[in-house]
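Everything below concerns the one structure shown next.
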Amino acid sequence: METQAEFAERVKPHLDSLYRTALRMTGESAGAEDLVQETFLKAYRGFAQFEPGSNFKAWLFTILTHAFINDYRKRSRSPLVTDFAEVEPEGATETPHFSAEDVERLADRLGDQAKRALDRLPAEHRLVFILSTFEDLSYKEISAALGVPIGTVMSRLFRARSVLRRELSDFARQEGYFQEKSDR
Amino acid sequence: MKCHEAKRHLDLFMDGELSVPENLKVLEHLNLCHPCADVYEGEKALRALLRARVGSGIAPAGLVDRLLAEEAPAASAVAVFPRRRWMSAAAAAGFFLVMLALVFSAKDNPVAFAYEMAVKHQKTHGGFCGVHQDDSLCVCIHCSSEPDHAVCSFFRTRIGHEVGTQDLTDLGYSMIGAQVWERQGSKVCWTVYHDTAGNTISYGLVPTKLAKEPGPLLVCDGVERPVVMIPAGGGMTSVFVFDSETEAQRFRDARNLK
């Protein structure tokens, strides 16, 4: 099975990325493995359609995204829809900024608040945030993977970041050390 | 650029989504404006923290093997792959691109092609990396060593493929980047190496039919540039472009070429 081995070699460098994204999207390791497995199989079968010269990682994430939206979420019957009204308080328009020192202090005390804040984001926003900030996909690649316009990618990303910053700054303020600057 | 503009552009800047001129304007502003640079540093630190705490999980050990074991019977029937045993996957990808590009330009003079390549590298490797023209870019060693750097991510997202490389460390050269540009509608990719004295070697893999009649020297901005070509198998030839005959000779000696 040499071709299969070659495919495996190609996928291996991206497996951690696929798995941790799947984990953040499904919220449990069994679901993440299922999703990666489905992605792996679909990618393997569709490898002939992969356009040489294009971004292999982005291609894998397109397959993972489709698998998540079309199969996993339907099957799991838990559409994971969170309304932004729940996570984004009315009238909170200013986005606080952290200084590098703030972040250092935050790092000392941060438990799983960041993880929980991310998990609370609506799935579509979480996915865009992960693909951009953690996996370095371009807006164009994310737009292709999700089948939405680039403007939608940008607005989701903007809102996801605003919410995360606000949640972390709320936490930091509770801890009593945050020197926020909300000048943007 | 004003502070409020720089801040408004900051996310796009960090995501590598600005146009080249806009990107340079933000860079310039961050270099001059301390308050904005502080915001940038904070944002960078926050992203790094989130990446480390939330975005860095690894897959369970043996997942690939389990996937392969489960999918083998179903998948084997439909798999269609080119066989590329004679090259690494990365080299194969680079080769494929160079070949694609050259299929369209096979009627071109190989010397002219190598010349164009050498001019490109000289224009684009003036000591820093980036998108230098609309159709060319390179990624330097600083970017490779600091993968979270915004500039790095800006450029990396623009290289949509892997590149072929050469190990020239025995000659004191290390790779400073991959360079990609459009040639007759297709992407051409070369890797570029520097030594500590500032000498440059450009390397690319091209079809032998194009490379078979190389001129011994290329003229680039008035400087004669020696070229060494080595058969690479698979109908391809490795092309090395040097700054000087001394360096070319050093290379020939090290590789036992006449």
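The values are calculated or read from the model by the stated rules, or taken from the named source; none is laboratory data. Not measured: the values here are computed from a predicted model. Here Cβ is always computed from backbone atoms with ideal geometry, including for glycine, and neighbour counts include all displayed protein chains.
If you filter segment B:46-59 down to residues that are in contact (Cβ under 8 Å) with a residue 40 or more places away in the chain and at the interface with chain A (Cβ under 7 Å from one of its Cβ atoms), you find that the one that is farthest from A:Val11 (Cα to Cα) is B:Arg47. Only residues that are modelled with pLDDT of 85 or more and either closer than 19 Å to A:Leu121 by Cβ or facing another protein chain (nearest Cβ under 7 Å) (or both) were counted across segment A:18-30, and they come to 8.
Return the residue satisfying two criteria in turn: it lies in segment A:115-140 and is more than 10 Å from the chain's Cα centre (by Cα) and more than 15 Å from A:Gly27 (Cβ to Cβ), and of such residues it is surrounded by the fewest Cβ atoms within 10 Å (Cβ to Cβ). Going through the qualifying residues, I end up with A:Lys140. For B:Gly62, the conditions (1) at positive phi; (2) facing chain A (nearest Cβ under 10 Å) are fulfilled apart from (2). Among the residues of segment B:1-20, those identified as under 15 Å from B:Glu43 (Cα atoms) and assigned to a loop (DSSP other than H, G, I, E, B) are B:Asp15, B:Gly16. Is it true that some residue in segment B:36-45 is more than 8 Å from chain A (Cβ to nearest Cβ), without any contact (Cβ under 8 Å) to a residue 60 or more places away in the chain and not aromatic (Phe, Trp, Tyr)? Yes, segment B:36-45 has at least one match. Scanning segment A:121-172 for residues being in contact with a Leu (Cβ under 9 Å, 6 or more places away or on another chain), away from chain B (no Cβ under 12 Å) and among the acidic types (Asp, Glu) gives a total of 1.
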